[in-house]
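Read the figures in this text as sums done on the coordinates, not as results from a lab. Values in this document were obtained by computation on a predicted structure and should not be read as measured data. Cβ placement follows ideal geometry from the backbone for every residue including glycine, while neighbour counts extend to all protein chains displayed.
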């Protein structure tokens with residue numbers, strides 16, 4: 001790698017003007033959306049050009065929704081979209097003060113991204129990962145700037161959800177953490193600090209609940225509808241756990257459960273065999289049209 005980042009930074013939160021986003025999927029386009037509407041220039045990268053066009057269309061549609069609710073003007077939408085530029089070449093990040101990686105939840109993929117990213121960045125540029133479960137310490141150690149690397153886990157859907165989990169790796173500098181925490185506040189989000197343990201706070205609690213709901217279905221304790229209605233009406237959850245699993249993506253749920261199971265070596269985190277089967281079948285939830293519900297008709301119907 002051509003740059004060796006020093007331990008101390010020459011930027012602060014007020015000097016961050018341009019933010020890079022790697023990945024134009026559900027999380028990446030949501031991060032680009034809120035960053036641009038908070039006044040930052042955004043460079044959004046994806047390996048596939050069609051994904052970038054789709055991301056911009058999604059952002060435009062979500063902004064239209066805000067306009068319809070009277071939260072935004074057409075002029076503000078136009079200005080926000082104008083602050084987003086897209087591309088497939090990492091050199092577009094050479095003027096960024098912060099780059100947020102929001103690629104697929106796969107450690108090898110993320111490390112390959114950082115190996116490509118680091119050589120094009122100025123030494124003072126910070127890097128954050130939107131990983132929902134992978135060790136920030138390990139990811140940071142694969143870069144040339146572990147002191148300037150941390151976790152910045154946004155919730156889905158990003159424009160709506162208020163929370164961002166901030167995770168320090170063992171090498172993350174206090175200055176890096178303070179800059180990113182301030183940036184999150186400037187974006188109108190609320191942050192919580194989490195230690196670098198598998199799945200952090202939200203998914204450490206949420207995904208085992210979803211996995212237990214799948215076990216409850218697998219063991220025949222209740223049907224899909226019974227389980228979801230029981231938790232909505234009995235625990236006042238806005239979505240049932242199986243409906244929520246479909247929304248998150250069953251592949252993502254399984255990936256987080258694997259991280260918990262392997263990272264904590266506790267049998268209570270063993271992924272339910274039924275969850276594994278659904279992922280093997282390609283039934284990943286809403287994004288594929290079928291998971292615990294079938295989304296191909298007018299109304300979602302349980303698949304079990």
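Structural remarks
- Cut-off 15 Å (backbone N to label point 7 Å along Cα→Cβ of residue 212), residues of segment 239-263: 241-242
- By DSSP, the beta bridges lying fully in the chain are antiparallel in about 25 percent of cases.
- Relative contact order, percent, the chain [alpha-carbon distance under 8 Å, six or more residues apart]: 15
- Overall, the anisotropy analysis places segment 1-124 in the oblate class: the square-rooted eigenvalues a ≥ b ≥ c of its C-alpha gyration tensor yield a/c not less than 1.5, with a/b not exceeding b/c.
- Nearest 10 degrees, 0 to 90: helix 26-37 Cα axis against the chain principal axis: 40
- Taking other Cβ atoms within 10 Å as a rough exposure proxy, 232, 110 sort from fewest to most as 232, 110.
- Alpha-carbon centroid distance for the pair segment 119-156 / segment 194-214, whole angstrom: 21
- Least to most buried among 218, 261 (fewest other Cβ within 10 Å first): 218, 261
- DSSP bridge pairs, segment 13-194: antiparallel proportion in percent, nearest 5: 15
- Residue order for 34, 11, fewest other beta carbons within 10 angstrom first, comes to 11, 34.
- Value in Å of the Kirkwood radius, where segment 164-224 supplies the Cα pairs that are averaged: 13.9
- Per residue, the Cα convex hull of segment 184-304 amounts to 131 Å³.
- Remark: the residue 281-residue 201 segment gains 25.8 nm on full extension, using 0.36 nm per residue and subtracting the alpha carbon distance.
- 0 to 90° range, to nearest 10: angle between helix 250-264 axis and the chain longest Cα axis: 80
- Over segment 13-194, relative contact order from alpha-carbon pairs under 8 Å, at least 6 apart, %: 21
- R0 of 30 Å, Cβ-Cβ distance residue 14-residue 174: FRET efficiency to nearest 0.05: 0.95
- The distance from the alpha carbon centre of segment 222-249 to that of segment 36-83 is 31 Å, rounded to a whole number.
- CD proxy at 222 nm, helix term only [per DSSP H run n ≥ 4: -39500 (n - 2.57); per residue of the chain; nearest 500]: -13000 deg cm²/dmol
- Principal-axis analysis of the Cα atoms of the chain puts helix 49-68 at an angle of about 80° to the longest axis.
- Evaluated at q = 0.07, 0.09, 0.11, 0.16 Å⁻¹: base-10 log I(q)/I(0), Debye formula over Cα of the chain: -0.28, -0.46, -0.69, -1.34
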